[in-house]
Each structure stands twice: as C-alpha cells, then as structure tokens.
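As structure tokens, the structure follows; a few thoughts come after it.
The values are calculated or read from the model by the stated rules, or taken from the named source; none is laboratory data. None of these values were measured; they are calculated from a predicted model. Cβ placement follows ideal geometry from the backbone for every residue including glycine, while neighbour counts extend to all protein chains displayed.
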Amino acid sequence: MAFNPEAATRAYIDGLGPEALAKAAAYTMDGHWMILWGLLVSALVTFIIVRLKVTDRIWSALERRSVSLRTFATAAGFFLVSALISLPWGTWEEWGHERAYDRTQQPLADFLMQDAIGIVLATLFGSLFFLGVYALIRRTGRRWWLWSSGFAALAVSAMLLAAPTLIEPLFNEYKPIPDGPVRDAVLEMAQQVDIPADRIFIYDGSRQSNNFTANVSGIGSAARIAISDVALKQASLDEVRAVTGHEIGHYVLGHVWRSVLVLSGLVLVLFFLADRLYPRFARLFGSNTIDIADPRGLPVLIFVLSVLATLAMPVTNSLTRIGESEADAYSLQMVNLPDALAGALVKTAEYRYPRPHPLQEMLFYTHPSVERRVRSAMEWKATHPAAPAATPAAAANP
C-alpha cells in the first residue's frame, strides 16, 4: 500500500488522545484571550498613571536638571510604576496560567525573583531607548518617526548582540552539551555547516517551563543555538538530530537578520501612526500633554504603540511562521528524518493546539500549526522513500 501522508499526519495528531488535545485547545485559547485582557490591563494602568500625574510629578521634581536627565528619570519612573501596578496580572499571565495547565514547576518565589530582574532590565533599557527617541523628536521634528525607526533597528541589534552573554545568563545557566551520543551527533551536524562547537549549548529551560523547545539567539559572533534540557530529556537521538537541524536552519538562513530588517520597517509604520493618533489618545485618557514631544506623555505613547503592535500581530506572526517552515524544510534536507521531526513537533502540541482554525492560526500563531508541519514532514517522506521510517506511535513516544 502506498504511503499516505494525510493518514500518517492524522495518526500522529490523534495519538495525543482526546484529553490532551482538549487541554491543549483550552490552554491555547486562554492565551489568545489574554492578549485582549492584557490590553485592557494596559489601558487601566495608563489611566491610573495619567490621573495620578506620575510622570508630571517626576518631571516637575527635576525642574532644574537637564532635559536628558529629566527624560530618563521620567521614563524610568513610568516603567517602574507601571510594572508594579500590573504585577498581579503579570504574575498570573506568566506564571499562574502556566501553572494551571502544568506548563511550569517553577516556584512562585523564583518566578518573582526573576521577574524583578526583568523589571530592572526593562526599566533601564526602556528608559535609555526613549531617551534617544525623545532626543530625536526634539532634533528632527515632525519626521521623528523616520529617524526613530532607524534608531530602533540599532537598539534591537545591540540587544541581540548583548543578549547571549549579558542578559540570558541572568535567567538560565548555559553549558556545553555533556559528552555522549547526543553531543557527538549535534557537533557533527554543526561541523557540516561550519558552526563552531562553542556556539551550541544546553540550558536549564526546565527552571521556567516544561515546554519542549530550542532556540537561536544573538547575532554575529554572539549568535548561538541553545537546546532546553526538557527537549534533551524527552527526545530520542533522532529527534535531537531533527530539532538541531531545524535550529541550524534558523542560524544558517539568517532569520534573525531578516527579522531585524522586517521589524524595523514595521516600527517605522507604528511610529508614523502613533504620531498621528497620539493627541486623540491623550485626550481620551484625560492627559494635559497632547504634544508627543513631551516626555510626560510617555504612558499614552506606550499604550498607543501597544495597541498598534497588537493589531500588527498577523504581520509579525506571518514572518515567524515563514521562518519556522523554512527551518523545518532545512532540517528535512539536512538529516532526512521526517518521522523524528514529526515526533518532536507533536511534543510541542501540548502547549500549542495542533488543529486550529485557519483564521486562528493566521491571527495568533507564531508557528505553523503542528498538524500543518507534521503533514509537510510526511509529504517529504512520501517523496523521499529512502528516509528511515518509524511508526507514529514509536516516534511520538520515544
């Protein structure tokens, strides 16, 4: 009997069982609703800060200081107060919701400690970024959005360069993969495409999440591939090869640079629209600061950008879905293990419902649906019959 990609795909997904599929659907849908609730929380936080005149008070208190210092302090005060007001929501969104669906075992105290580190970093880098934006607004006038988009591209590039060595180690421990068959297989694959052995790591992702995952981070000499210890514990050796091939695909195909380029263009559009919409939102929140050049209006500007970024999600998600599909294809071409790739993908279905409605996938999914990705692997298998074969049950349950 000829191999049937559709039937094989159905076997992989159905192999999860109705209970796991229902739980994944509920978890995923809750996550979509939390995007809307997050915007409502942001609106409430903005309203509170504007009404309490937090930024106005900071600006006035530093009246005799330089504009740069006043701008930085006003931005820092806003980011810090905003984080504290929204802390209950953030704790539920990032920890409580994950805990409710067994996606994390992280103790609350550890989460709060890491969240505090995140707040400090966001306050520092956010304040420095908007210090630059407001300086550009003062210097370039009505075309500030054009110059600021270029500044944003430089800022993102700097963050990507610094993240692997300065930021990510604050949250996780990164180590070389221990000696053994897994290390040998991964390093052999890396050598094929001239990726240095010292750019492939394992990290303690299980500290924050039970999710089966790996990633590429950084740019240039700082770029690296990191595989969560969750993935290495749950995966067979062939699945490790398939996942590593996927991440090597991101690395070799330069997806990080493409993202920087596309997102820089998107930021230009967001800043342009924010320039036009800011006065209306300022009046809506009851702010006396209707000039976008005034740093006291930062809470309103941030909210406008948040709304616009949410509306732009279909665009950004499409970008990442294209990259994920390309990385899957690269893995298949490199190691030719379609069943192993499918088995690894099915493990991610626990936190990303594998059979979404096409509209749901278009609007909210940062990755193609697991069903779509598994079908692509099975179609590859159908056209490459020499590929090593495994039963769906064996691949999904190594």
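Just a few scattered comments:
- As for the range 306-313, it holds no residue that is over 18 Å from the mean Cα position of the chain (by Cα) and either in contact (Cβ under 8 Å) with a residue 40 or more places away in the chain or buried (at least 16 other Cβ atoms within 10 Å of the Cβ) (or both).
- Hits in the range 220-229 - residues which are touching a helix residue (DSSP H, G or I) at 6+ places or on another chain (Cβ under 7 Å) and surrounded by fewer than 19 Cβ atoms within 10 Å (Cβ to Cβ): GLY220, ALA222, ASP229
- Subset tally (residues that are over 30 Å from LEU112 (Cβ atoms) and either surrounded by 16 or more Cβ atoms within 10 Å (Cβ to Cβ) or not charged (D, E, K, R) (or both)) for the range 196-206: 4
- Taking the criterion of being over 16 Å from PRO314 (Cα atoms) and not hydroxyl-bearing (Ser, Thr, Tyr), the residues of the range 263-281 that qualify are LEU268, PHE271, PHE272, LEU273, ALA274, ASP275, ARG276, LEU277, PRO279, ARG280, PHE281.
- Selection within the range 161-181: residues that are in contact with a strand residue (DSSP E or B) (Cβ under 9 Å, 6 or more places away or on another chain) and among the acidic types (Asp, Glu). The member of this set that is surrounded by the fewest Cβ atoms within 10 Å (Cβ to Cβ) is GLU173.
- Options THR9, THR55, THR28; residue that is crowded, with 19+ Cβ neighbours inside 10 Å and within 21 Å of VAL133 (Cα to Cα): THR55
- Within the option set VAL186, VAL193, being surrounded by 14 or more Cβ atoms within 10 Å (Cβ to Cβ), out of contact with any Asp or Glu (no Cβ under 6 Å at 6 or more places or on another chain) and among the β-branched types (Val, Ile, Thr) holds for one residue only, VAL186.
- Check on GLN105, surrounded by fewer than 14 Cβ atoms within 10 Å (Cβ to Cβ) and within 30 Å of VAL230 (Cβ to Cβ): yes
- Flag if GLU379 is more than 15 Å from THR28 (Cβ to Cβ), within 19 Å of the chain's Cα centre (by Cα), at pLDDT 95 or above and surrounded by fewer than 21 Cβ atoms within 10 Å (Cβ to Cβ): no
- Residue in the range 83-102 that is nearest to SER42 (Cα to Cα), counting only those that are charged (D, E, K, R) and surrounded by 13 or more Cβ atoms within 10 Å (Cβ to Cβ): GLU93
- Qualifying residue in the range 325-333 (condition: crowded, with 17+ Cβ neighbours inside 10 Å and under 19 Å from the mean Cα position of the chain (by Cα)): yes
- Yes/no for SER209 being free of Cβ contacts under 8 Å to residues at least 24 places away in the same chain, of a type outside the set (D, E, K, R), closer than 30 Å to THR123 by Cβ and surrounded by fewer than 18 Cβ atoms within 10 Å (Cβ to Cβ): no
- With respect to (1) in contact (Cβ under 8 Å) with a residue 12 or more places away in the chain; (2) in contact with a helix residue (DSSP H, G or I) (Cβ under 8 Å, 6 or more places away or on another chain), the lone exception for PRO196 is condition (1).
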